[in-house]
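Input: a single structure, listed below in structure tokens.
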Amino acid sequence: MSAYPKRLLSIQNLSLQQSKEIIDRAITLKAKLPAFASTTKVVALVFFEPSTRTSMSFEIAAHRLGLRPVVFIPGSYSSMAKGESAHETLENILSMKPDLVVMRHSGDAAVARVIQSSAIPVINAGDGKNEHPTQALLDAMTILECRGQIESEKIIFVGDVEHSRVARSNRALFTMLGAQVAVCAPEYLQPKSNDWADTKRFTTLDEALSWATVCMGLRVQKERHAIGKDENKFDLAEYINKFRIDNKNVAQKLKGDAIIMHPGPFVPGEDLHEEILNDSRCVIHQQVTNGVYIRMALLGHMTGVLV
Ligand code: NCD
């Protein structure tokens, strides 16, 4: 092969022969991709919605396993700023043949259709108010570590259950593992779908905290509240007054050996008082630590680097 130019700034920096050589080489590489993929697995992290814990946790998990994470973030440096749709963005990322895709999106039906038909393995990192399976797994791991069991635990979700994908995946997993699940929320934030139909409901936080062995706070997910008449149904001041988890209600009502959880992010003073972080029963940061190991276990097996 002839020497490449030092700088490729214009197509005219390449001779005819060099151009042909590069194209030939690329055709050979394309045919050899499976051989590369067995040594250097690439994981695409595609987050169309904001994330700190989940995205970094997947990225760190991938690095720990020797995988190569590639992170897509929408916004002013992506072509979405030029008007490209989320599903077309995803089609393009899939066309680059990563070995696995980790996806977070708003519940966009077109994106969901692309994922359903993808031949490339996909892990859901949160889709609208539907599901967040890796959060459920890391929460179950944390309960098991802190309480020694999941079966028979009494787990209360406090706050915006209706708009929470975390609560939805957690309810399904915890129930399957034999725990009892209950909800404590104002009427507007109580879950309406059928899968919650038989779930125990508390209307006062004191009663809920007295019952629970695990208390899980949830952020008020205003970005998913219906715009228009529905938003008048929610009164933040009243919510804080009746449902905010703080040292006073937890000290008075929650069992000494119970644990306090939250998937994060919490809004200080809104769903959780910041002083809760100093309560010895609070395991919020342990949840975050465990997230890396759950994601390592999944990524490792799904890419075949762990057997
Ligand atoms: C949540 C999410 O994005 O679903 N957090 C998380 O992933 N750890 C919860 C939230 O946004 O309130």
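The values are calculated or read from the model by the stated rules, or taken from the named source; none is laboratory data. In this text, all values refer to a predicted model and were calculated from it rather than measured experimentally. Using ideal geometry, Cβ is built from the backbone for each residue, glycine included, and neighbour counts are taken over all protein chains shown. Calculation scope for accessible area: heavy atoms of the full protein, side chains included, ligands and nucleic acids excluded. Shrake-Rupley method; radii C 1.70, N 1.55, O 1.52, S 1.80 Å.
Quick grid of which residues meet (1) assigned to a loop (DSSP other than H, G, I, E, B); (2) hydrophobic (A, V, I, L, M, F, W, C); (3) over 25 Å from LEU144 (Cβ atoms):
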| residue | (1), (2), (3) |
| --- | --- |
| GLN252 | no, no, yes |
| PRO263 | yes, no, no |
| GLU270 | yes, no, yes |
| HIS285 | no, no, no |
| ASN290 | no, no, no |
ASP198 vs. criteria in a loop (DSSP other than H, G, I, E, B), within 16 Å of the ligand (Cβ to nearest atom) and not hydroxyl-bearing (Ser, Thr, Tyr): no
Residue within the stretch 156-165 that is surrounded by 18 or more Cβ atoms within 10 Å (Cβ to Cβ), of a type in the set (Gly, Ala, Ser) and assigned to a helix (DSSP H, G or I) present: no
From GLY178, GLY148, residue being closer than 25 Å to SER57 by Cβ, open to solvent by 10 Å² or more (accessible area, probe 1.4 Å) and more than 16 Å from the ligand (Cβ to nearest atom): GLY148
ALA185 being within 16 Å of the ligand (Cβ to nearest atom), modelled with pLDDT of 95 or more and aliphatic (A, V, I, L, M): yes
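Given VAL288, VAL307, VAL220, which one is more than 14 Å from the ligand (Cβ to nearest atom) and either open to solvent by 20 Å² or more (accessible area, probe 1.4 Å) or among the aliphatic types (A, V, I, L, M) (or both)?
VAL307
Condition check ((1) of a type in the set (S, T, N, Q); (2) without any contact (Cβ under 8 Å) to a residue 12 or more places away in the chain) across all residues:
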| residue | (1), (2) |
| --- | --- |
| ILE11 | no, yes |
| VAL42 | no, no |
| GLU49 | no, no |
| ILE73 | no, no |
| SER78 | yes, yes |
| THR89 | yes, no |
Residue match in the stretch 68-88 (condition: surrounded by 17 or more Cβ atoms within 10 Å (Cβ to Cβ), under 20 Å from GLY300 (Cβ atoms) and not aliphatic (A, V, I, L, M)): yes
Sole residue being touching a Gly at 6+ places or on another chain (Cβ under 8 Å), at pLDDT 95 or above and among the charged types (D, E, K, R), chosen from ARG224, ARG201, ARG219: ARG219
Hits in the stretch 166-193 - residues which are touching a residue at least 40 places away in the same chain (Cβ under 8 Å) and either under 16 Å from GLY217 (Cβ atoms) or assigned to a loop (DSSP other than H, G, I, E, B) (or both): VAL166, ALA167, ASN170, CYS184, ALA185, PRO186, LEU189
Entirely in the stretch 38-145, the strands (runs of 3 or more DSSP E) that have 3 or more residues that are within 16 Å of the ligand (Cβ to nearest atom): 42-47, 100-105, 122-127
Residue check for ASN13: surrounded by fewer than 17 Cβ atoms within 10 Å (Cβ to Cβ), under 30 Å from GLU223 (Cβ atoms) and among the polar types (S, T, N, Q): no
Residue count, the stretch 226-267 (criterion: within 16 Å of the ligand (Cβ to nearest atom), in contact with a helix residue (DSSP H, G or I) (Cβ under 7 Å, 6 or more places away or on another chain) and open to solvent by 20 Å² or more (accessible area, probe 1.4 Å)): 2
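Being surrounded by 15 or more Cβ atoms within 10 Å (Cβ to Cβ) and either touching a strand residue (DSSP E or B) at 6+ places or on another chain (Cβ under 7 Å) or over 27 Å from SER78 (Cα atoms) (or both) is the filter here, so list the residues in the stretch 16-40 that pass it.
GLN18, GLU21
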Residue match in the stretch 182-194 (condition: surrounded by 13 or more Cβ atoms within 10 Å (Cβ to Cβ) and over 27 Å from ASN130 (Cβ atoms)): no
